[in-house]
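J.: First the structure, which I've put down as structure tokens, then a few questions once you've had a look.
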Amino acid sequence: MQKKIACINDISGIGKCSLTVALPIISALKCQCCPLPTSVLSSQTGYPKYTFTDLTDGIDEYINTWSELGQTFDTIYSGFLSSSKQINLVHSLINKNKSAFVVVDPVLADHGILFPIFTENDIIDRIKLISKADLITPNLTEANLLTGRQPNKLNYTDSELLSLCKDLTDLGPNSIIVTGFESNSKIYNICYQKGDKSISKIGIDYNKVSFSGTGDIFTSIVTAMMTRGFDIEKSVTTATSFIYDAVAYTVDQGDYDRNDGIIFEYFLDRLTKL
């Protein structure tokens, strides 16, 4: 049977991020992507102008209708969640799908700073949510916040990274991927599974450019691959290489707005072959 993934995130008409990238990525990896949009934006928020329509009030009925239709999911994958109410609705979907593999990208912060729309209460809400997760994909700043560390601590030894990952598994999830760790001109994704005695660092040369939506592409690839039974290291290696090559191709095109995201479409055939 084809694997089915409930994907909870916002969707933007312009700017390749969240559901806009999850749908083609997950589909290319031969899973059915069932979107649960939390809001609709004309353009993602990095642009100087955008419209925003919040869909929170309709999510409960949306989830209940899925249940009434007898729909269940192999995986539940959540990304950006803007409020406690949205987080509680994700809890509801998880509770209706007890056997689902649960992936949480705990979007809160980056570069040592909590996003302006969030408060300490939002950190507490994310901790409650990841207690139900099997896999989480925080960046280093988010990992710090979730474990009570200083958010701007970005320099870690391998032993400190191991301690960080162990503390994250103590919150509930069995598998951890800490994304975007920079060291010695490389950028690493740190993999850890509960009970391991060491971390796995999957790195690539850091090209010093940044585009919107690469985190969503990364987690979408990993989620779909692990849903299909690939191990964590193969999934992370595939996602890392995919994004690196798509970023390099995008940069080669010349003047390109980072808010537009990367030109990943030319690389989807790599995923369809897996």
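J.: Taking Gly195 as meeting all but one of (1) small (Gly, Ala, Ser); (2) touching a residue at least 24 places away in the same chain (Cβ under 8 Å); (3) within 25 Å of Lys98 (Cα to Cα), write down the number of the exception.
T.: Here Gly195 clears every test but (2).
J.: Quick one: how many residues across the stretch 110-137 are assigned to a loop (DSSP other than H, G, I, E, B) and not charged (D, E, K, R)? First the steps, then the outcome.
T.: So in the stretch 110-137, the residues assigned to a loop (DSSP other than H, G, I, E, B) come out as 111-112, 115-119, 131-134, 137.
Next, from what is left, pick out any that are not charged (D, E, K, R): 111-112, 115-119, 131, 133, 137.
Residues in the stretch 110-137 being assigned to a loop (DSSP other than H, G, I, E, B) and not charged (D, E, K, R): 10 in total.
J.: Okay, moving on. Looking at the stretch 156-173, which of the residues that are among the small types (Gly, Ala, Ser) and part of a helix (DSSP H, G or I) is surrounded by the fewest Cβ atoms within 10 Å (Cβ to Cβ)?
T.: Of all residues in the stretch 156-173, those among the small types (Gly, Ala, Ser) come to 159, 163, 172.
If we keep only those that are part of a helix (DSSP H, G or I) too, we end up with 159, 163.
Working: Ser159: 10, Ser163: 15.
Residue satisfying both the conditions and the ranking: Ser159.
J.: Quick one: would you say Thr240 is surrounded by 16 or more Cβ atoms within 10 Å (Cβ to Cβ), of a type in the set (S, T, N, Q) and without any contact (Cβ under 8 Å) to a residue 60 or more places away in the chain?
T.: Values: surrounded by 16 or more Cβ atoms within 10 Å (Cβ to Cβ): yes; of a type in the set (S, T, N, Q): yes; without any contact (Cβ under 8 Å) to a residue 60 or more places away in the chain: yes.
It is true that Thr240 is surrounded by 16 or more Cβ atoms within 10 Å (Cβ to Cβ), of a type in the set (S, T, N, Q) and without any contact (Cβ under 8 Å) to a residue 60 or more places away in the chain.
J.: Would you please name the residue that is farthest from Phe101 (Cα to Cα), looking only at residues in the stretch 9-42 that are of a type in the set (A, V, I, L, M) and out of contact with any helix residue (DSSP H, G or I) (no Cβ under 6 Å at 6 or more places or on another chain)? Steps first, answer last, please.
T.: So the first thing to find is which residues in the stretch 9-42 are of a type in the set (A, V, I, L, M), and the list is 11, 14, 19, 21-23, 25-26, 28-29, 36, 40-41.
Restricting the remaining residues to those that are out of contact with any helix residue (DSSP H, G or I) (no Cβ under 6 Å at 6 or more places or on another chain) gives 14, 19, 23, 36, 40-41.
Values: Ile14: 30, Leu19: 19, Leu23: 18, Leu36: 17, Val40: 26, Leu41: 28 Å.
Residue satisfying both the conditions and the ranking: Ile14.
J.: Hey, another quick one. Sort through Ser42, Ser67 and tell me the only one that's within 17 Å of Lys16 (Cα to Cα) and either of a type in the set (S, T, N, Q) or in contact with a Cys (Cβ under 9 Å, 6 or more places away or on another chain) (or both).
T.: Values: Ser67 fails: within 17 Å of Lys16 (Cα to Cα).
It is Ser42.
Conditions tested, residue by residue: (1) over 23 Å from Gly229 (Cα atoms); (2) surrounded by fewer than 21 Cβ atoms within 10 Å (Cβ to Cβ); (3) not basic (Lys, Arg).
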| residue | (1), (2), (3) |
| --- | --- |
| Ile14 | yes, yes, yes |
| Ser27 | no, yes, yes |
| Lys30 | no, yes, no |
| Thr38 | yes, no, yes |
| Thr56 | yes, yes, yes |
| Thr65 | yes, yes, yes |
| Lys98 | no, yes, no |
| Val102 | no, no, yes |
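J.: Mind counting the residues in the stretch 1-31 that are part of a loop (DSSP other than H, G, I, E, B), over 12 Å from Asp216 (Cα atoms) and of a type in the set (Lys, Arg)?
T.: Count: 2.
J.: Of Ile199, Ile221, Ile190, Ile176, which residue is surrounded by 15 or more Cβ atoms within 10 Å (Cβ to Cβ) and under 24 Å from Ala28 (Cβ atoms)?
T.: Working: Ile199 fails: under 24 Å from Ala28 (Cβ atoms); Ile190 fails: under 24 Å from Ala28 (Cβ atoms); Ile176 fails: under 24 Å from Ala28 (Cβ atoms).
Residue meeting the stated conditions: Ile221.
J.: Quick one: is Thr119 more than 28 Å from Phe230 (Cβ to Cβ) and more than 17 Å from the chain's Cα centre (by Cα)? Reasoning before the result, please.
T.: Values: more than 28 Å from Phe230 (Cβ to Cβ): yes; more than 17 Å from the chain's Cα centre (by Cα): yes.
Criteria met by Thr119.
J.: Please find, among Ile262, Ile204, the residue that is touching a Ser or Thr at 6+ places or on another chain (Cβ under 6 Å), surrounded by fewer than 18 Cβ atoms within 10 Å (Cβ to Cβ) and farther than 19 Å from Ile136 by Cβ.
T.: Working: Ile262 fails: surrounded by fewer than 18 Cβ atoms within 10 Å (Cβ to Cβ).
Just one listed residue meets the conditions, Ile204.
No value in this document is a laboratory result; all are computed from the given coordinates. Owing to the predicted nature of the structure, the values given are computational and were not obtained by experimental measurement. All Cβ positions, glycine included, derive from the backbone under ideal geometry; neighbour counts span all protein chains shown.
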